Structure formats: structure tokens, C-alpha cells
1. How many of the residues in the range 8-55 are within 15 Å of Ser82 (Cα to Cα), surrounded by fewer than 16 Cβ atoms within 10 Å (Cβ to Cβ) and among the hydrophobic types (A, V, I, L, M, F, W, C)?
2. Take the residues in the range 17-60 that are within 10 Å of the chain's Cα centre (by Cα) and of a type outside the set (A, V, I, L, M, F, W, C), then tell me which one is farthest from Lys115 (Cα to Cα).
3. Could you grab me the full set of residues in the range 154-184 that are exposed (fewer than 15 other Cβ atoms within 10 Å of the Cβ) and hydroxyl-bearing (Ser, Thr, Tyr)?
4. If only one of Lys59, Lys115 is over 19 Å from Arg15 (Cβ atoms) and among the basic types (Lys, Arg), which one is it?
5. Would you mind telling me which numbered condition in (1) in contact (Cβ under 8 Å) with a residue 24 or more places away in the chain; (2) closer than 25 Å to Ala22 by Cβ; (3) surrounded by fewer than 18 Cβ atoms within 10 Å (Cβ to Cβ); (4) among the polar types (S, T, N, Q) Thr58 fails?
6. Report the residue count in the range 82-102 for those that are outside any helix (DSSP H, G or I) and surrounded by fewer than 16 Cβ atoms within 10 Å (Cβ to Cβ).
7. Can you go through Ser56, Ser46 and tell me which one is polar (S, T, N, Q) and at positive phi?
8. Would you mind listing the helices (runs of 4 or more DSSP H) fully within the range 103-181 where at least 2 residues are of a type in the set (Ser, Thr, Tyr)?
Amino acid sequence: MHVIFLHGVPGVGKRTIAMELAKELNYPFLNFQHLGALLGPVFGYSSPKFNALRDSMTKTLIGEAMDLIEDGVISSFTYEPSIQLDQYKAFIEAAQASGGIGIFVGLTCDEDELKGRVESPERGNLEKVDDFQLLEDAMSSGTYEIPELPGPSITINTSGETPETTVQNILAMLPNDMKRDMMF
């Protein structure tokens, strides 16, 4: 069982890249953005109850997926201080214990392109961050500054790249065992 965690600030392309990568690897994608959209309006985004429910559901869903699925699973997250990185460490260790690989894929994007993506009219329809000034303020305050990750990681800049090209760049950097059934 392999596990891939894509992470980055809002607007770098996590969901889009994860969906493309899932198609290439034939791994399911657990899209936790929907979980935030479900919990936030009821419990308040980033409230203690929201964070506890998010963490509990993430642990349960990824754990169950890792028990059920043979090949691998992809998930994504936006790091902020309430994210429990120890939980992700446990998933990486579980993948390794099963003979698989767990890896973090950090997605980045140049500021000008990020601004265009975040302010794109489609984002508002998807219940995503769509105010670049708020995002920039959060980034400046260190909200999204991720500490050392508890497992192997690679970083890909998505600027100026199509999702398909970004996925090919990721695939080129993944260990061969994670893509054994693929033909290039």
C-alpha cells in the first residue's frame, strides 16, 4: 500500500493535480476539501470542534482506505498549525510497514500566478479561498509555513505548467515501486 499526500497553500493546484495523478496511477483520491466544506458552516472553520472532527474523520477515512485498497491512495491537505502532522507520520509508517511507500509532494506556485488562480471566478463556486489579499496576509504571518515533514518529500513548482505536465514531473520523481504498472 502506497500513500501520497499533496500539500501546499490554497491555489497551487492540489485538487486538480491529485485528480490527474489519481488517473495516472489508478489510485483513488480522498478529497478532504469536501470535508471542510461540510464541517465549516456548522462548526466554524478552524474552531476546536472543527479541528477535532476533521482530524478524527481524516484518520478514520485514510486508515480505512489503506486497509481496503491494495495499491495506493492519494490525499491532499493545506498545512496550518492545527493540522496534526503526527497523524500523517502514522500513515507514512503504516504504508512502510505494509511494504509500501509513503511520500509528501509539496506543490508551490509563483506569486503572480498564484494571485491569478486564487482570484479566478471559478474558485468561489468551489467554496475555495478566493481572496488573494487574505491568503497573502496568512502567508506573511506564517500560517501556512510548514515545519519539517515526518517522512520523505519532494517539491514541485506548478507555475506555468499544465496539470498533465505537473503530474508527469511528479511521476518522474516518485520511486519506481509506486508506479510499477505504468508504461512511459
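Bear in mind that the values in this text are calculations on the coordinates, not laboratory data. Bear in mind the structure is a predicted one, so any value in this text is a computation, not a measurement. Don't worry about glycine lacking a Cβ; one is built from the backbone with ideal geometry, like all the others, and counts go over all protein chains shown.
1. Within the range 8-55, residues that are within 15 Å of Ser82 (Cα to Cα), surrounded by fewer than 16 Cβ atoms within 10 Å (Cβ to Cβ) and among the hydrophobic types (A, V, I, L, M, F, W, C) number 1.
2. Within the range 17-60, the first condition is being within 10 Å of the chain's Cα centre (by Cα), and the residues that meet it are 17-18, 29-33.
Okay, now just the ones that are also of a type outside the set (A, V, I, L, M, F, W, C), so 31, 33.
Values: Asn31: 23, Gln33: 20 Å.
Top of the filtered list is Asn31.
3. Result: Thr155, Thr162, Thr165.
4. Details: Lys115 fails: over 19 Å from Arg15 (Cβ atoms).
When all the criteria are applied, what remains is Lys59.
5. For Thr58, the exception is condition (3).
6. First, pick out the residues of the range 82-102 that are outside any helix (DSSP H, G or I): 82-84, 98-102.
From what is left, the residues that are surrounded by fewer than 16 Cβ atoms within 10 Å (Cβ to Cβ) are 82, 84, 98-99.
Total meeting the criteria: 4.
7. Numbers: Ser56 fails: at positive phi.
Testing whether each residue is polar (S, T, N, Q) and at positive phi leaves just Ser46.
8. Working: elements: 111-118, 121-125, 132-140, 163-173.
Ranges flagged: 163-173.
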